[in-house]
């Protein structure tokens, strides 16, 4: 565990208590069973915002706490422990992006609302099976002073409950080009915009966004036209780091639950946790979780310090959490035996979460490749 | 940097960096300290090493975090981390990570009586006495507590007869910290911790030749060796808990001794070539090199943060077992990758048909099998993690 400041320790304790009391795993299960499109509980998100957690990365002038990425990670890890569904990662990444690249007017319009939890912003980047930001094809064509957006975004994480989206569109060049990408803030009640909930193994509000000639004025362009690749990279890195922290929490909880089972399940006249083969697997997983924790902390620290190696460290964190969480979740099912395969047991929820989280904002493989490219391999 | 918020530490870092730059002999740049630690004769003969060692000791850094009253530097873990980082930055190494400094010293600080502490600890901090570890026996490896080296009461001294194995540097050591059996009726309760002068009559050390060609591990034979009564630490039959504590320090030293090795990418590009994107040409090797690099990076950070989190040596805990395993896994993987990259040029034994760097990589690969065995095998570490960290039963 990083050496946390007193404030961070308080944040951690508060988030842990809130998650266990107000948003236990059973809350996600209930939401999933009900099948609602939004994929998170608005009242619970309002509580998250009330605690100030939606504003951790926002500047004080807009009601935020400006506590930094490590503090954000501390909160997200605790929420991850109980599989809390919330758009916190997307909204926080949007906040950070707006802070860096949006105009004063745009910041004044959106930041207070995002901090207060009155609005949620999603990131509309991906267009298909694999995460590939530069492959964006959704077109934004200019006619007189307005842009017209046409195309599809899929999946948009937390898209069903979002009031607006940071949309990545191509204003020039071809899919794959670094140049020619532009960021637009598009409200989800815009004419000619529609969305549909994705029916997936997880119900966290992932959506398909359809733009059939949605109009966007110059006032909703964030940053420079055609030059959004760099800010997009940064926004995505913030989302990746936040998600990695959440994944770490989920993986640790999965491990703890499995450990508890090993200590209580008897077979062959003894607790199964006394079998050396299982003990050694648990020890190996523990070591892996420690290594993964380091990777997450390094990324959060680098983002806080705005250091030159932040990008590769974010990829390191996302890749490691992806692999470790998938492995722990699979082991959780295995070590629980038959009951781990039942929907009634929580192991399945962790297993599905691990895979979905790995796919989000770039899988372990994607980030290993990115790390390789950034480090001269 | 963890000290960017602390002006005193930041100043210490600047001063340390300046001092190290001014005092580290350039001829030692990039070298590993291991040969000097394991081969006392080499250490004594190397002028540059002796110069560096004396300077570090005279600076008060021979044992930076030990109490000043016993010859230590009286500094905090944070200071120690800074010293190591600034040394690593210019390709220097800390010259006094001896068996005395890493294992016996911290143990004596916790378990030694005042006479023992004042007699034995300062010479370790001043690098004046070389120690070796008399623990394992041919019949007592992983099951160390089953050791049989006998220690009987000879009146005003103890009399020791038996055999130790895997004793690093015994042939050049001045003293030995030794586990002996003082009661044959109780396995764990019959072990004592005894300090023995290697110049005593009846001791013979024989180097063991390993697959890597190294000879610093020795068999040590004790034939009715006399040791004064006051050199037993912690009291008769009280040695096992002391041994276990010392082993934690050993694990920690092995875990943190895995300095972040230089990246393999340049070697891979040199021997395997690059593709049209400038990447390592073989995608399979590239993938495994990247994986290892990522894990090594996370591991280096892990050692740093656990060092900072441990307020002092006392902070070393059972969790170090997991770290020792991570470290040995990553290092073994890297050693394997290096010779794989070298191809046939990774099979040289000695001579000028092979580059020195190639021969070094081959020896390192051969030696790397030991990482998951010495200091407690991977399996023993996993037993410890399971029982003492995870609280698993049985």
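None of the figures in this text is laboratory data; all of them are computed from the coordinates on show. Being a predicted model, the structure only gives us computed values, none of them experimental. Cβ: placed from backbone, ideal geometry, glycine included. Neighbour counts: every protein chain shown.
Observations
- Quotient of Cα Rg and 2.2 N^0.38 Å for segment B:257-349, N being how many residues it contains: 1.32
- Taking the Kirkwood radius as Rh and the Cα radius of gyration as Rg, segment A:123-227 has a ratio of Rg/Rh equal to 0.95.
- Normalising by residue count, segment A:6-119 has a Cα convex hull of 87 Å³ per residue.
- Volume per residue that the Cα convex hull of segment B:61-125 spans, once the total is divided by residue count, Å³: 67
- Segment A:312-343 versus segment A:76-133: alpha-carbon centroid distance in Å: 25
- Where only alpha carbons of chain A are counted, the Rg and the Dmax (Å): 20.7, 80
- Highest mobility in the GNM of chain B, judged by mean-square fluctuation with C-alpha springs under 10 Å and restricted to B:17, B:45, B:307, is found for B:45.
- More than 34 Å apart - percent of Cα-Cα pairs taken over chain B: 32
- Scaled radius of gyration (Cα, divided by 2.2 N^0.38 Å) that segment B:7-97 gives: 1.06
- Segment B:131-239 has equivalent-ellipsoid semi-axes of 23, 16, 10 Å, by the square roots of 5 times the alpha carbon gyration tensor eigenvalues, sorted largest first.
- Convex hull of alpha carbon positions in segment A:230-374: directionally averaged projected area 8.9 nm².
- Inter-chain shielding of B:296-305 (mean C-beta neighbours from other protein chains, 10 Å cut-off): 6
- For segment B:198-309, projected area of the alpha-carbon convex hull averaged over all directions, nm²: 12.1
- For segment B:301-376 and segment A:1-67, distance of Cα centres in Å: 42
- Legend: translational diffusion of the protein assembly as shown by Stokes-Einstein, Rh = Kirkwood radius over C-alpha pairs, 10 °C, 1.306 mPa s; D = 55 µm²/s.
- Peptides A:265-276, A:149-160, B:30-41 ordered by packing proxy, namely the average of other Cβ atoms within 10 Å per residue, highest first: A:149-160, B:30-41, A:265-276.
- Among A:122, A:190, A:241, residue whose mean-square fluctuation peaks in a GNM of chain A (springs only between Cα atoms under 10 Å): A:190
- Look at where the Cα atoms of segment A:264-296 and of segment B:227-292 average out, and the two centres are 23 Å apart.
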